[in-house]
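Coordinate-derived values only; no laboratory data. What you see is a predicted model, and the numbers here were worked out from it, not measured in a lab. When we count neighbours, we look across all protein chains shown, and the Cβ atoms used for this are built from the backbone with ideal geometry, even at glycine.
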Number of protein chains: 2
Amino acid sequence: MMEVSGAPAVVLLQRPWLPVSISGCQLLAKIWFGDSAYHILLTDMICVWEERMDSAAIQRRAQELNRRLRAPVKAFFSHLCEVVQPCLSGSGERADGEALISLTRQDDGNISMKLKSELAGLPFYWEFHCTPAPVTLVCLQLVRPLLAMSHLLQRQVEQLGGLLVRKDAEIQDYRENGATLSRERLQTDVFEEETYREDFMAKALPLVCSEQQDALGFDADLQQLYASVVAHGNAPARKRKLSEERPAEEDRPAAEEPDLTPSLGVGSVSSETAERDRKQSHNGQTDAARAKMADRAAVQQSLSVTSDPAERPSSKPKKKKVVGLFR
Amino acid sequence: MMEVSGAPAVVLLQRPWLPVSISGCQLLAKIWFGDSAYHILLTDMICVWEERMDSAAIQRRAQELNRRLRAPVKAFFSHLCEVVQPCLSGSGERADGEALISLTRQDDGNISMKLKSELAGLPFYWEFHCTPAPVTLVCLQLVRPLLAMSHLLQRQVEQLGGLLVRKDAEIQDYRENGATLSRERLQTDVFEEETYREDFMAKALPLVCSEQQDALGFDADLQQLYASVVAHGNAPARKRKLSEERPAEEDRPAAEEPDLTPSLGVGSVSSETAERDRKQSHNGQTDAARAKMADRAAVQQSLSVTSDPAERPSSKPKKKKVVGLFR
């Protein structure tokens, strides 16, 4: 089976930031599940954590956490996807029936997420070990998109201000020609940009600063704008040179990610890739869903396999008992 | 002399991001110069770098770079401030007469900025060694403010849209009562939010993505908004718990920074500090300027001192030749 193709850095960029609540922690999460690799990002807006795992690393950890498990990655990876995705796309706890996820902040500043589910009638454990993400990744996934969003919104504010001034000119002309309102309450105040902005800031700033914010302030409108901005190539970095001279930190390739595009900002190729990917996985989960479905067939076979330890890596499906996944 | 008081993390937050161009690199810089300590941040929006130096570290590096220099930190630190600030607040090269600054990206991903100036008639060398900043710092200085800015602007866009709808209702009422325009060109189209936004995005997105952007897209309006947001306590993180349980990475104290506030989001104390500091140093440079001026008197004395190596740390000013700064 082919690895889900594309450039993970770009693919991940196209993902929305999903609000997640685990163990009482409000987080935003981005997840990418490939064929037998994953990349997850978590943030509480104070720090950003990530974990990237390739097939071999997933195999090792699965083995450590599930001593009796004897199966190749592909045999349980789709199960992991299936269980994790609802946890990281919603409220988290008991999302998938028996699946249970908990989060611990470790002394070293890392985050550990423990997952318990059931696979083939036996408990299946997984742990995500997330470490602070490289700064370049944070710039790519948050700083540049947010700056572009602010830029776009600022322009929109200016443009709408201009429209209001034109409306006022039209209204003034009607009035000067003797028009009156049939309903007094329809009358509006003349729009004055400076006055408006000062008034708005005086009122909105304390609100934004004090109110309960869902999704850490990353609400639906901003999500939509984020999606538009990242689909368009996250441009504010396009002209930058300083960090482009050499592969950035975020681009250290995982074993299974042969085509890690250095940065969205680098050129048209990655933009095209981004655009293509955006079309393919518009809601930000289609990729994983596709991988999941594609995997399901394979796993429905593999799940019932007890591989001989010697031939484990090759994993030619043979029909055996379901519990055969575990020794 | 007292160290400039306050919490550097908060103080630095209040600083504006100054556009800087050094050695052909477009950067944004934030600088804080204390009494004999500094903290600088640089970003090209692909990475963020920083350097924090305390008095002892500055003394050591000054010694390494200027073998003949024999003077306590306070004797040359105000000179450094004076030379660096114009470099990092403007075009950089040859900003302060003889001062010359250059920037090199190193193989390890760090940034080195070399400065050559003249002190007491002799060349004075300085180097900034900037390393990638901790993620928590990037969240504090960029991600959270930018998210709050987006949030505020988004609300403004909604509110202005609402105002336009009301203007249209007023206009419609005039018209329905038979009013006509004296000048046809004053007539405006009815505002429809959805249509407007789609149209705006289709036009503005490619522009924002392709145009030359000054200040890496962080233009004057956004700077102003940034200032408002950070002055208000950078609130979107206020309710977060996950990263607040323990001191964050950005808060590892430098030797001379006894009161490093953990995070702006933590509570009212840091907010008050922020507010106080905002008032004190409104344009973001006053602190350093104050420190500079306060130092100047001391340095005018110290500059002419050849301290006996044995008594160097105490630095009681004695009147001697200016070149005494150097051996």
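For the pair B:Lys203 and B:Ser112, label points projected 7 Å from Cα toward Cβ lie 5.0 nm apart. Peptide B:136-143 has a mean shielding of 6, counted as Cβ atoms of other protein chains within 10 Å of each residue's Cβ.
When B:Gly162 is represented by a point 7 angstrom out along its Cα-to-C-beta vector, the spacings to that point in the other copies are 2.5 nm, nearest first.
From least to most packed, judged by other beta carbons within 10 angstrom and beginning with the fewest, B:Leu88, B:Leu147, A:Leu181 follow the order A:Leu181, B:Leu88, B:Leu147. Every pair of different Cα atoms in the range A:156-212 enters the Kirkwood calculation, which places the hydrodynamic radius at 13.5 Å. Let a ≥ b ≥ c be the square roots of the eigenvalues of the Cα gyration tensor of the range B:141-182; is it rounded (a/c under 1.5), or, if not, prolate (a/b larger than b/c) or oblate? Note, shape of the range B:141-182 comes out prolate. Between copies, B:Pro86 shows label-point distances of 6.6 nm, shortest first, with the point placed 7 angstrom from Cα along Cα to C-beta. Per residue of A:182-188, other chain Cβ atoms within 10 Å of the residue Cβ number 4 on average.
Per-residue shielding of B:221-230, expressed as the average number of other chain Cβ atoms within 10 Å of the residue Cβ, stands at 3. Based on alpha-carbon atoms, the Kirkwood radius and the radius of gyration of the range A:5-133 give Rg/Rh equal to 0.94. The range B:32-71 and the range A:168-193 have Cα centres lying 60 Å from one another. Ordered by the number of other Cβ atoms lying within 10 Å of each residue's own Cβ, fewest first, B:Lys116, A:Lys203, B:Lys167 fall into the sequence A:Lys203, B:Lys116, B:Lys167. By the beta-carbon count within 10 Å of each Cβ, the least crowded to most crowded order of A:Asp219, A:Asp168, A:Asp108, fewest first, is A:Asp108, A:Asp219, A:Asp168. A Förster radius of 60 Å, combined with the Cβ-Cβ distance separating A:Glu194 from A:Leu100, puts the computed FRET efficiency at roughly 0.65.
Remark: label point of A:Ala56 defined 7 Å out from Cα along the Cα-Cβ vector; separations to the same position in other copies 4.3 nm, ascending.
Zone of B:Arg183 (label point 7 Å along Cα→Cβ, backbone N under 15 Å): which residues in the range A:156-184? Of the residues in the range A:156-184, A:165-177 have backbone N under 15 Å from the label point off B:Arg183.
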